[in-house]
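The values are calculated or read from the model by the stated rules, or taken from the named source; none is laboratory data. Just so it is clear, the structure is predicted and the values come from calculations on it, not from any experiment. As a convention, Cβ positions derive from the backbone with ideal geometry for all residues, glycine included, and neighbour counts pool all protein chains shown.
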Amino acid sequence: MSTILNTTATPEAALTAPAGPTGFRYVLHEIMRQRSTIVGLAIVGLLLLSAIASPFISPYSVTVSSCGVFDPPSAAHWLGCDGAGLDVLSLVLHGGGVSMIVGLSATLIAMTVGASVGVLSGYFGGWVDVLLMRITDYFLVVPQIVLMIVIAAVWGPSLFHVVVVIGALMWTGTARVIRAQVMSIRERVYVRRVAGLGAGHGRIVFRHILPQVGPLLVANAVIAITVAVFDETALAFLGLSDPDAVTWGTIMEHAFDRAATSAGAWWAIAPAGLAVAFFIVGCYLVGRSIEDALNPRLRVSYLSAHSWRLRPLVGKKPEAI
Amino acid sequence: MYRSGYVLRRVAFAVVTIYIIATLNFLLFRVLPGSAVTRISRIPNASPELKAAVIHQFGLDKPLWEQYWIYLGQLLRGNMGVSYVNQQPVTDNLWTAFTNTIPMVAIGTILALVIGIAVGVLSAVRRGTASDHIGTNLAVLFYAFPTQFLGMMILIFAAGVLPVAGMSDAFELDPSTWGHLLDVGKHMILPVLTLVLTLFAENALIVRSSMLETLGEDYILTARAKGLPRRRIIRAYALRNAMLPTITLIALSLGSIVTGAILIEIIFSWPGIGRALYSAVLSRDYPMLQGGFLVITVTVIVFNLAADLLYAKLDPRIRA
């Protein structure tokens, strides 16, 4: 508070000096201050590292069997073996990379489409907005996984198809959120003044609007990755992913196909399932803290858990309420 | 009569969406590379005459618009073709599957709603306390579990205690209606449990954040200033308003209910529509695949419409 008060003491200072922790740096600061961000980043970072290092650290091959069918966990095979006699630990380490790449690629597609539709719709308004939002509405109401199943089933099982199908159907939520944000930014004074100074649409969008919706896009992307990874496992479970690729999804599918459930071989399923769960929790924690930082309204609550005290909340962490 | 205008608009939107989906359903199987058409005519060692005969039998030699016209006409009469696998009309197959799915999914969804709202409200009202942390973290954890993982774990650890496959016992001892219902109910416990565990979390998180936003509104402050009891503020002021965005979000999560139901039906061999879709995928039974897609999608659209109309009933601002 004090820095802002000091810098606004004179009008000149307010115009020249960077006014305290605002804008992108403020948001970043807010995000990093939360414990959930650190925990989330740690989880995702650990999974990423182990996926990158998997060729060096995985104890066995993922193509040549090294033990018996559904051998339980032992000293030699920490997480046991799957239905083809492959080491589950090695499989999960290897599968992580592919799963995360699939999730990330699908998210990139979805974010590109979502941001483009959202910005076009929100910035230009009028018939562009009506048309794009109508299309979005249709996409929004169709159960995506069912459409994904049909497209992937007709198109043929392949990882590339899975990426495209997930990416092409996942952008609707992002488009709506970005549109709403762009609509409000468009009306702000500075954007109008820049337009008055003769800036073109391209310059306004790329220099003045996109940086403002950036954090929101990142928050959306982080949540979207979880959905993409989730959808990949679901499609893989239906046999629509590449049957030869090792992903967290196909590991679970192969285990189910080879009747791990009747063999009671939980170790063939649980590690991959838990890896997905950890990844999703990690991303979710990061995504939520970005959203929290972007939504100052959440910091106000007139009904506190502790008795009936009403406290001034300005400048306090959300946890203080 | 602005109210009926709104209803009409929503119904029209739903009808148009269903029409688009039906068209998409037609095109997907004809336009995509490796589509049904090329697959059907790709019979190993088939003579050109046989190929031509098959293509003619399926009417694939007609121009596309004529096929489309025939398709729409048949669809309106409830004819979705014949299953390649069991040679029965797709409509009959799907109807049986549909009636098996509905009770399981309905019970699961309602339970998940009740539990989700309870957990969400409790954690929002007790924000920052131990019960909030437990509730929220538990919800995040279950939200993160892949449905198939949770289902298979439940199946493995409950095998022997409760029935884990199918909808009823093949060697039923008690053939009376009540005995049968009890048997189906027993078979339903584990699938429903899995569905509830995967769904309640999302609901809880949605309700919690919606409640938190509402608790920051000025009318809550006013209500407190008036000295209203805490319970009444939560119920009549906060929860009521928090339910509005919740209904929309839950309606939009219908898709994830469908996803969950498909995976759960596969794991627990529940003879429902998700399993029908799955076997259609496995055996490349295109008529069943098309029919299943259409039925599930139309159901979701109809429920979405219902949520929209409910929303309008609860929030007068929407109707304008």
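Count, please, the residues in the range B:179-235 that happen to be without any contact (Cβ under 8 Å) to a residue 12 or more places away in the chain, within 12 Å of chain A (Cβ to nearest Cβ), over 23 Å from residue B:114 (Cβ atoms) and not in a loop (DSSP other than H, G, I, E, B).
5
Restricting attention to the range A:268-286, does a residue exist that is more than 7 Å from every other protein chain (Cβ to nearest Cβ), under 29 Å from residue A:97 (Cβ atoms), modelled with pLDDT of 60 or more and surrounded by fewer than 21 Cβ atoms within 10 Å (Cβ to Cβ)?
Yes, because at least one residue in the range A:268-286 is more than 7 Å from every other protein chain (Cβ to nearest Cβ), under 29 Å from residue A:97 (Cβ atoms), modelled with pLDDT of 60 or more and surrounded by fewer than 21 Cβ atoms within 10 Å (Cβ to Cβ).
Does residue A:133 satisfy the condition of being under 30 Å from residue A:204 (Cα atoms) and either assigned to a helix (DSSP H, G or I) or away from every other protein chain (no Cβ under 14 Å) (or both)?
Spelling it out, residue A:133 is indeed under 30 Å from residue A:204 (Cα atoms) and either assigned to a helix (DSSP H, G or I) or away from every other protein chain (no Cβ under 14 Å) (or both).
Please find, among B:198, B:214, B:248, B:194, the residue that is surrounded by fewer than 20 Cβ atoms within 10 Å (Cβ to Cβ) and β-branched (Val, Ile, Thr).
Unique residue meeting the criteria: B:248.
Scan (1) out of contact with any Leu (no Cβ under 8 Å at 6 or more places or on another chain); (2) among the β-branched types (Val, Ile, Thr); (3) surrounded by 13 or more Cβ atoms within 10 Å (Cβ to Cβ); (4) modelled with pLDDT under 85 for the single condition residue B:7 breaks and write down its number.
Only one criterion is unmet by residue B:7, namely (1).
Residues checked against (1) at pLDDT below 90; (2) closer than 30 Å to residue B:298 by Cβ; (3) part of a helix (DSSP H, G or I):
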{"position": "B:128", "(1), (2), (3)": "yes, no, no"}
{"position": "B:132", "(1), (2), (3)": "yes, no, yes"}
{"position": "B:141", "(1), (2), (3)": "yes, no, yes"}
{"position": "B:150", "(1), (2), (3)": "no, yes, yes"}
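Run down B:120, B:151, B:81 and say which single residue is away from every other protein chain (no Cβ under 14 Å), buried (at least 23 other Cβ atoms within 10 Å of the Cβ) and touching a residue at least 40 places away in the same chain (Cβ under 8 Å).
Sole residue among the options that is away from every other protein chain (no Cβ under 14 Å), buried (at least 23 other Cβ atoms within 10 Å of the Cβ) and touching a residue at least 40 places away in the same chain (Cβ under 8 Å): B:120.
Mind checking which residues of the range B:260-288 are touching an Asp or Glu at 6+ places or on another chain (Cβ under 8 Å) and in a helix (DSSP H, G or I)?
Result: B:273, B:274, B:275, B:278, B:279.
Which members of the range A:230-247 meet the condition of being within 18 Å of the chain's Cα centre (by Cα) and at the interface with chain B (Cβ under 9 Å from one of its Cβ atoms)?
Selection gives A:230, A:231, A:233, A:234.
Just give me the residues in the range A:140-172 being at pLDDT below 85, among the aromatic types (Phe, Trp, Tyr) and surrounded by 22 or more Cβ atoms within 10 Å (Cβ to Cβ), in sequence order.
none
Going through the range A:138-153 one residue at a time, which ones are within 7 Å of chain B (Cβ to nearest Cβ) and more than 19 Å from residue B:257 (Cβ to Cβ)?
Within the range A:138-153, A:138, A:151, A:153 meet the criteria.
Here are the criteria: (1) under 23 Å from residue B:23 (Cα atoms); (2) within 14 Å of chain B (Cβ to nearest Cβ); (3) of a type outside the set (S, T, N, Q); (4) in contact with a helix residue (DSSP H, G or I) (Cβ under 9 Å, 6 or more places away or on another chain). Tell me which single one residue A:156 does not satisfy.
(4)
Surrounded by 12 or more Cβ atoms within 10 Å (Cβ to Cβ), out of contact with any Lys or Arg (no Cβ under 9 Å at 6 or more places or on another chain) and touching a residue at least 12 places away in the same chain (Cβ under 8 Å), is that true of residue B:64?
So residue B:64 fails the test.
Identify all residues within the range B:154-164 that are outside any helix (DSSP H, G or I) and either surrounded by 15 or more Cβ atoms within 10 Å (Cβ to Cβ) or within 8 Å of chain A (Cβ to nearest Cβ) (or both); write none if there are none.
Result: B:159, B:163, B:164.
Considering only the range B:123-148, how many residues are β-branched (Val, Ile, Thr) and within 9 Å of chain A (Cβ to nearest Cβ)?
4
Which of the residues that make up the range B:188-221 are over 18 Å from residue B:247 (Cβ atoms) and of a type in the set (Ser, Thr, Tyr)?
Selection gives B:194, B:198, B:219.
Looking for whichever is out of contact with any Leu (no Cβ under 9 Å at 6 or more places or on another chain) and of a type outside the set (D, E, K, R) here; the options are B:228, B:221. Which one fits?
Result: B:228 is the single residue among B:228, B:221 that is out of contact with any Leu (no Cβ under 9 Å at 6 or more places or on another chain) and of a type outside the set (D, E, K, R).
What are the residues in the range A:100-116 that are more than 12 Å from the chain's Cα centre (by Cα) and either at pLDDT 95 or above or within 24 Å of residue A:209 (Cα to Cα) (or both), if any?
A:109, A:112, A:113, A:114, A:115, A:116
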